[in-house]
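Quick note: the coordinates plus some simple rules give every number you see, no bench work behind them. Everything numeric in this text was worked out from a predicted model, so none of it was measured. Neighbour counts are summed over all protein chains in view; Cβ atoms, including those assigned to glycine, are modelled from backbone coordinates with ideal geometry.
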Amino acid sequence: MTQPTIPGFRRVPRTGVIYVMHRARREGYRPGHPDWANLGQGMPETGPIPGAPPRVETLRIDPAAQEYSPITGEIALRQKVADLYNALFRQDKASKYTWENVSIAGGGRAALTRIAAALGNINMGHFLPDYTAYEELLSVFKAFIPIPILLDPDEGYQAPLAMLKREILGRGLSALLVSNPCNPTGQLVEGERLRRWVRMARDLHCSLIIDEFYSHYIYTGLPNGYPPKIVSAARYVEDVNADPVIIVDGLTKNWRYPGWRLSWTLAPKEVINAIASAGSFLDGGPNHPFQAPALELLEPEHVFQETEALQKHFSQKRQYTLDRLRDLDIEIESEPAGTFYVWANLSSLPAPLNDGLSFFKEGLKEKVITVPGVFFDVNPDRRRSIARYGNYTRISFGPDMPTLERGFDALARLITRFS
């Protein structure tokens, strides 16, 4: 890509999914095109699924909601989020979340950007591989230094607690950014392991910033029964205003409303005040008209019904995806315990398909979209010269089943063409 010619501007890279979609559109892809299959999709299907509550199809907007929203969102929605977490995870806890522990933002990236802008001059750890958008997020703000922590496929892309403690103490980390379940590997920290992570953050004075956008896509222990399993670090926080645990979630994935652009941050009051100040100059506040309609979506019974349906539906698509990948001789080092992605190793395929970028480019000729693994090698400012995960790709089972079937038929044709 050529350097900018207009004075003062730098080249701003696209995130992995944005890059592949830009390339796909150049080749003729359009959303809903009957010949294309987007297996790089970073969102879940948004239509009706069996057993789920009816989808919102119409909205009535209060004229007052045409005005700017408060920077941290309406108090009614903030309290509703706090009530949901208290009901799901903290019924037996003396310390409860209130609206003062919640900030509403315009989607996950906006929420994470506010957090990044509020961080001080610290070392912040992040995992490899992880969410592609973290890369530019960790590059833009210069107050903190991002420190990569490499996850080993031989360990199932899990981070042992002893290793994390060594990283925090040895590198002087004051914060740790993690997606749980992880995008792209689908690996999950839950139960006693997650409890120990929260205790570690408390004992070592290291803020745990947890992206929980896929926390309802849980496949461990299915069938889950009722209510369905939802994983959150909020369950293990002792004091909501003292424990350094910052949780980010929203309607995008777990409620399957990505276009609403509503997210929340759950944190100690001190953190909420800091990110409110950051939001005042970064984005000016979240979507206002959709905040009142979101209240009904956060009723516990609605959440349970949607999550139960989501887990049943997506677990079927997960199994279909795993079966088709294995039929194509594509290696899966660790099956996803969460999310709607499979982290796939292409090394056993014939050249050039054993390279994620080539696999993606050749796939466009068959009208199928994937995301090359190199985009998950979070490398702020390109400080490392050696790129990882060149032989990997991320396959999404976020689309509906007809799209998955069409996409895997296209991948089968692609591999046959080079066999």
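Using a Cα-Cα cut-off of under 23 Å, which lysines could be cross-linked to Lys165, ignoring same-chain neighbours fewer than 8 residues away? Within the straight-line cut-off, Lys165 pairs with nothing. The angle between the Cα long axis of helix 269-282 and the longest principal axis of the Cα atoms of the chain comes to about 60 degrees, rounded to the nearest 10. So what's the angle, to the nearest 10 degrees on a 0 to 90 scale, between helix 108-118 and the longest Cα principal axis of the chain? So the inclination is approximately 60 degrees.
Once you charge only the Cβ atoms, +1 for Lys and Arg and -1 for Asp and Glu, what is the size of the charge dipole of the range 63-302 about its Cα centre, to the nearest 20 debye?
For this selection, approximately 240 debye.
Of the residues Leu297, Leu282, Leu204, the one whose Cα sits farthest towards the positive end of the charge dipole of the range 168-310 is Leu204 (charges of +1 on Lys and Arg Cβ, -1 on Asp and Glu Cβ, taken about the Cα centre).
Computed from Cα atoms, the angle from the helix 75-89 axis to the main principal axis of the chain rounds to 70 degrees. Projected over every direction and averaged, the convex hull enclosing the alpha-carbon atoms of the range 23-63 yields 5.5 nm².
Helices in the chain, meaning DSSP H runs of at least 4 residues, each add -39500 (n - 2.57). Divided by all residues, the mean residue ellipticity at 222 nm is -11000 deg cm²/dmol. The HN-Hα couplings worked out from phi for the range 147-152 by the Karplus form 6.51 cos²θ - 1.76 cosθ + 1.60 (θ = phi - 60°) are 10, x, 10, 7, 9, 9 Hz, whole numbers, x standing for Gly and Pro. Could you work out the Kirkwood radius for the range 258-297, taking every pair of different alpha carbons, averaging 1/r and inverting it, reported in Å? Every distinct Cα pair counted, the radius reaches 11.6 Å.
Using a cutoff of 8 angstrom between alpha carbon atoms and counting only pairs six or more residues apart, the relative contact order for the chain works out to 25 percent.
Based on every Cα atom in the range 54-112, Rg and the maximum pairwise Cα distance Dmax equal 14.1, 40 Å. Where in the chain lies the longest segment free of GluC sites (Glu not before Pro) that are both loop residues by DSSP (not H, G, I, E, B) and have at most 16 other Cβ atoms within 10 Å? Of all site-free stretches, the longest is 68-237.
Loop-resident trypsin sites (Lys or Arg not before Pro) (DSSP state other than H, G, I, E or B) in the range 15-84 with no more than 16 further Cβ atoms inside 10 Å of their Cβ: Arg55, Arg60. Ignoring aspartates and glutamates fewer than eight residues from Lys80 along the same chain, the ones with Cα atoms less than 13 angstrom from its Cα are Glu100, Glu296, Glu299. Report, ordered by chain and residue number, the lysines lying within cross-link reach of Lys361, taken as a straight Cα distance under 26 Å and ignoring same-chain residues fewer than 8 apart. Within reach: Lys317. Rounded to two decimals, the Cα-based Rg/Rh of the chain, with Kirkwood Rh, is 0.95.
Basic side chains Lys and Arg get +1 at the Cβ, acidic Asp and Glu get -1 at the Cβ, and with that the dipole of the range 165-302 about its Cα centre reaches some 460 debye.
What's the Cα-based Rg to Rh of the range 216-289, Rh via Kirkwood?
1.05
Quote the convex hull volume per residue of the range 63-302, based on C-alpha atoms, as a whole number of Å³.
Here the figure is 120 Å³ per residue.
Between the alpha-carbon centres of the range 274-307 and the range 325-349 there is a gap of 34 Å. When the convex hull of its Cα atoms is viewed from all sides, the range 296-419 shows a mean projected area of 9.7 nm². Evaluated with a Cβ-only charge set (Lys, Arg +1; Asp, Glu -1), the chain carries a dipole of roughly 940 debye about its Cα centre, given to the nearest 20.
Where both bridge residues fall in the chain, DSSP classifies roughly 45% of the beta bridges as antiparallel. Using the Cβ of Tyr131 as centre and a radius below 13 Å, the other residues enclosed give a net charge of -3, where K and R count +1 and D and E count -1. With both residues required to sit in the range 63-302, DSSP beta bridges show an antiparallel share near 30%.
Ordering Leu266, Gly250, Pro70 by Cα displacement along the dipole of the range 63-302 toward the positive end leaves Leu266 in first place; charges were set at the Cβ atoms of Lys, Arg (+1) and Asp, Glu (-1). Within the listed set Ser174, Ser396, Ser348, the Gaussian network model of the chain (springs between alpha-carbon atoms below 10 Å) gives the highest mean-square fluctuation for Ser348.
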